[in-house]
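Enquirer: One structure is given below, represented as structure tokens, and several questions about it will come after.
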Amino acid sequence: VLPDVRIDQPGRSTSIDAAINLLDDAARAHLRDGKGLYWIEAASAGGGDSRMGVLLPEKKLAARTRLEVYTSTTTGGNPTGSDRIELARRVFYMAVLGDSAMWGNGLLEEDKFSYLTARRIERALNVRVIRDVRAVSGGTIVPHDEDGLCTTNCSGEYPQYFTSITLQAQALGSPELFDLVLLDGCGNDISLEATLTSVDNTELIRERGDAFCFAEMANLLIRVRALAPDAPIVVTGYFPFLSLNSDLSEVGTWAVSNDIDLGPIDDLEPALQAFVDNSQAFHDATSSGLAAAVELVAGLDDGDPPIAYVDPGFGPENATFARDAWLWGLTDDLTIARQLDITLDLFPEDPVLDERIDNCARPDVAPNFIACVYASVGHPNPTGARAYADAIATALADIGLLPETSADR
């Protein structure tokens, strides 16, 4: 219980500095002991609201500290009508822009790599990180005819608008105050259909990588740098969706759920090889294009504040449907499938599935219900998200935003 230190001054004009000067020796000793104080300043003679002041020792303020306020007490002495005010020595603002990989399809909030990155920054710098998450599933760099901003019942998992990353950046409130921008993009500009097809599209994917991952990303980075001139930018890369380690039967189910034509073939072997070749071309094109865009824009102003490219480091063994997958796959639990009358053998395995099903059925959300339900597949699972967070932490240490020792926590 905090002591009631009353100040016999016209309360409504008493500043914090004045209040501190009026503290007696006992109150100052109380503060030195690490305990807090509060006082109530009475309303002026003309009536009106009174004011309460709270004084806390700075060492009591951790990265996340709550001041709990109660409006009344019951006869038994138990407080009711509570509210909470969060206190922090310093607030660190982080923008999260991009597509479904950055949003974290299928992941619980505490498993998303932007969340894990925020917690690591809080522990290392003793700050309170505020994330402004604008990333949405389906987000492209290039604006499009149906571009728009969601205002009610919004979620990046099942968006009402496939908001372009360019518009996401423009919609940030007070971007000049941001301390870090996490950003990805160009995967949807290349398109899933170009990658997951039984046709060899490697040349097309390379061309789109040059156009979107390099040229359009460079333009986007220049815009973001102009909007948030003091914020370091971390651009995260992608991964091979599929590899020769991927299970054939699960690939087929995923392809059907996304209306992907497997072609006139008797088995999946040729299709899988095309998928693998296209997936590797996708990873190569996105990695080289994004890294080159970062290098180009960083060189325009000597990299101050810095821009870094991060490859999450997924290998063939971590592809979708592989034994050590770092990406969401499918399960043979058909209970929900039967309830929804979905005639597929396998179903998404992520913990957000029930929520996604409910929302995918909304008329304002998904033009393709089945594709919306399967939207988690091929995105980082908790293990993959931790790999992203580790790679981001290493990059933040390399650019000096985090101490070197925090990168391996």
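Enquirer: Give, as ranges by residue number, the residues of the stretch 211-242 whose backbone N falls under 18 Å from the point 7 Å along Cα→Cβ of SER288.
Expert: 211-218, 237-241, by backbone N distance to the label point.
Enquirer: Quote to one decimal, in nm, the extra length available between ASP301 and PHE162 on full extension: 0.36 nm per residue of separation minus the C-alpha distance between them.
Expert: Extra length from ASP301 to PHE162 when fully extended: 46.9 nm.
Enquirer: Counting only heavy atoms of protein chains, what accessible area per residue, in Å², does the stretch 135-258 have with a probe of 1.4 Å?
Expert: On the way: 4770 Å² over 124 residues.
For the stretch 135-258, the solvent-accessible area averages 38 Å² per residue.
Enquirer: Listed highest first by mean packing, meaning other Cβ atoms within 10 Å per residue, what order do 271-278, 30-37 come in?
Expert: Output ranking for 271-278, 30-37: 271-278, 30-37.
Enquirer: Counting only residues 5 or more places away or on other chains, whose amide H sits under 5 Å from the amide H of ILE141 once H atoms are built in the peptide plane?
Expert: For ILE141, the qualifying residues are ILE165, CYS186, ASP189.
Enquirer: Using the basic label-point model (7 angstrom from Cα toward the beta carbon), what is the ASP200 to ARG84 distance in nanometres?
Expert: Once both label points are built, they end up 5.8 nm from each other.
Enquirer: Once amide H atoms are placed 1.01 Å from N in the peptide plane, what residues at a sequence separation of 5 or more from THR65, or on another chain, have their amide H within under 5 Å of its amide H?
Expert: Those qualifying (amide H under 5 Å, at least 5 residues apart or on another chain) are LEU87.
Enquirer: How far apart, in nm, are two points set 7 Å out from the Cα along the Cα-to-Cβ line at LEU227 and at ASP277?
Expert: For the pair LEU227/ASP277, the computed spacing is 3.9 nm.
Enquirer: Students often forget the sequence filter, so: which lysines lie under 24 Å Cα-Cα from LYS35 once same-chain residues fewer than 8 apart are removed?
Expert: Partners found: LYS59, LYS60.
Enquirer: Among TRP103, TYR115, ILE130, pick out the residue whose Cα is farthest towards the positive end of the charge dipole of the stretch 86-136, where Lys and Arg carry +1 and Asp and Glu carry -1 on C-beta, about the Cα centre.
Expert: Of the candidates, ILE130 comes out farthest on the positive side.
Enquirer: Further question: Which value in nm describes the separation of the simple spin-label points at SER72 and MET52, placed 7 Å from the Cα toward the beta carbon?
Expert: 1.5
Enquirer: If I stretch the segment between ASP210 and GLU317 completely, what's the gain in nm (0.36 nm per residue apart, minus their alpha carbon distance), one decimal? Present the calculation step by step, with values, prior to reporting the outcome.
Expert: Numbers: separation 107, 0.36 × 107 = 38.52 nm, distance 2.70 nm.
Taking 0.36 nm per residue and subtracting the Cα distance, the gain is 35.8 nm.
Enquirer: Moving on. Taking all protein chains as present, what is the carbon and sulfur share of the accessible area of the stretch 78-207, in % to the nearest whole number, probe 1.4 Å? Write out the running numbers ahead of the final one.
Expert: On the way: 2570 of 5440 Å².
On the stretch 78-207, the fraction of accessible area on carbon and sulfur atoms equals 47 percent.
Enquirer: Compute from the Cα atoms of the stretch 102-215 the Rg and the Dmax, the latter being the longest Cα-Cα distance, and quote both in angstrom.
Expert: 16.1, 51
Enquirer: At a Förster radius of 45 Å, what calculated FRET efficiency corresponds to the Cβ-Cβ distance of ALA26 and LEU177, to the nearest 0.05? Intermediate values should be presented prior to the final figure.
Expert: Working: r = 40 Å, r/R0 = 0.90.
The computed FRET efficiency comes out at 0.65.
Enquirer: Taking amide H atoms as placed 1.01 Å from N in the peptide plane, list the residues 5 or more away in sequence, or in a different chain, whose amide H sits under 5 Å from that of ALA308.
Expert: Amide H neighbours of ALA308, under 5 Å, 5+ apart: ILE233, VAL234, VAL235.
Enquirer: Of the listed peptides 379-387, 143-151, what is their order by residue-averaged count of other C-beta atoms within 10 Å, with the highest listed first? Mind showing how you got there, number by number?
Expert: Numbers: 379-387: 21.1, 143-151: 11.8.
Those peptides, ordered most packed to least, come out 379-387, 143-151.
Enquirer: Using the Kirkwood formula on the Cα atoms of the stretch 144-203, what hydrodynamic radius do you get, in angstrom to one decimal? Before the final figure, lay out the partial values.
Expert: Working: mean 1/r = 0.0705 Å⁻¹.
Hydrodynamic radius (Kirkwood, Cα pairs) of the stretch 144-203 is 14.2 Å.
The values are calculated or read from the model by the stated rules, or taken from the named source; none is laboratory data. Everything quoted here is computed from the prediction, not taken from an experiment. We place every Cβ from the backbone using ideal geometry, glycine too, and count neighbours over all the protein chains shown. These accessible areas exclude ligands, DNA and RNA; they are computed on the full protein's heavy atoms, side chains included. Shrake-Rupley method; radii C 1.70, N 1.55, O 1.52, S 1.80 Å.
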